[in-house]
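Here the structure comes first, spelled out in structure tokens, and everything after it is commentary.
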Amino acid sequence: MPTKRSVGTLGDKDLSGKKVLLRADLNVPLDDGQRIADDNRIRASVPTIKFLMGKGARVVLASHLGRPKGVTPKYSLKPLVPRLSELLVVDVPYRNVTHGYFLLNLKPWLILCFLDLFMCFKKVVMANDCIGEEVEKLATALPDGGVLLLENVRFYKEEEKNDPEFAKKLASVADLYVNDAFGTAHRAHASTEGVTKYLRPAVAGFLMQKELDYLVGAVANPKTPFAAIVGGSKVSTKIGVIE
């Protein structure tokens with residue numbers, strides 16, 4: 001059997017009822033009112049999350065936000081929950097409820113009630129931490145197709161140190177691992193590298209796979225003449241690549 005390298009190679013038997021630790025890059029900018037200024041990174045993570053939900057997996061979503069020094073409220077992932085919940089139910093309630101409307105001839109106001117009720121059940125659950133007893137209980141209670149968002153993994157210094165015990169605690173709530181955080185793929189942190197020692201299979205998400213395919217194509221077989229545009233806000237991390 002070929003090695004499973006992408007989430008797309010996982011079938012229903014691999015995912016249905018399984019708890020999946022999904023490392024995403026939800027490091028979005030927030031304004032002074034803790035409102036999302038740009039949701040592109042959240043949107044980029046949605047295809048992988050929806051795929052896992054559709055396969056009946058229980059998605060345990062991990063990410064960092066900013067560069068906090070310990071627990072820092074302004075770097076909490078809690079402000080992301082409403083937008084993430086909204087993006088994950090797009091097109092689903094409308095299709096199901098309107099189908100029932102034609103079958104049962106329900107009143108429009110009743111359709112809206114059912115729609116609101118459906119969306120309440122589909123909201124993303126937010127944990128107050130990323131490890132510990134509360135996280136274990138929330139992950140166990142997740143329904144098939146449910147999503148649990150863990151608190152900022154960088155609230156622990158052990159994350160960036162790739163501490164084995166911290167990685168083991170992160171991994172303990174899941175059955176397998178998906179990495180869709182291409183923006184942090186170059187960092188050997190607990191949630192990106194350490195957890196792979198404890199979870200199998202460990203595969204790439206759709207965003208990660210797409211970026212890797214682009215990278216391999218550009219490096220292994222580039223069309224000439226060849227030019228590279230190197231961008232990003234942290235210039236210091238790009239110098240080595242340019243040289």
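The values are calculated or read from the model by the stated rules, or taken from the named source; none is laboratory data. Model, not experiment: these values are computed from the prediction. Neighbour counts are summed over all protein chains in view; Cβ atoms, including those assigned to glycine, are modelled from backbone coordinates with ideal geometry.
Under the condition of being crowded, with 24+ Cβ neighbours inside 10 Å and either assigned to a helix (DSSP H, G or I) or among the polar types (S, T, N, Q) (or both), the residues counted in the range 168-199 number 4. For the range 27-41, a tally of residues being free of Cβ contacts under 8 Å to residues at least 24 places away in the same chain and either surrounded by 13 or more Cβ atoms within 10 Å (Cβ to Cβ) or in a loop (DSSP other than H, G, I, E, B) (or both) returns 6. Assess whether Asp144 counts as being buried (at least 16 other Cβ atoms within 10 Å of the Cβ) and either at negative phi or not aliphatic (A, V, I, L, M) (or both). Considered against the rule, which asks whether it is buried (at least 16 other Cβ atoms within 10 Å of the Cβ) and either at negative phi or not aliphatic (A, V, I, L, M) (or both), Asp144 comes out as no.
I'd like to know if the range 205-214 contains one or more residues that are under 30 Å from Arg83 (Cα atoms), at pLDDT below 90 and loosely packed, with under 13 Cβ neighbours inside 10 Å. Yes, the range 205-214 has at least one match.
Total residues in the range 45-82 satisfying the condition of being within 19 Å of Ala174 (Cα to Cα), under 15 Å from the mean Cα position of the chain (by Cα) and in a loop (DSSP other than H, G, I, E, B): the figure is 3. So, Glu151, is that one modelled with pLDDT of 95 or more, of a type in the set (D, E, K, R), on the phi < 0 side of the Ramachandran plot and under 19 Å from the mean Cα position of the chain (by Cα) or not? Yes; evaluated as a whole, the condition is true for this residue.
Every residue, every condition in (1) farther than 16 Å from Ala181 by Cα; (2) among the polar types (S, T, N, Q); (3) modelled with pLDDT under 95, yes or no:
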position: Pro2; (1), (2), (3): yes, no, yes
position: Leu26; (1), (2), (3): no, no, no
position: Gly33; (1), (2), (3): yes, no, yes
position: Asn40; (1), (2), (3): no, yes, yes
position: Ala44; (1), (2), (3): no, no, yes
position: Lys50; (1), (2), (3): no, no, yes
position: Ala62; (1), (2), (3): no, no, no
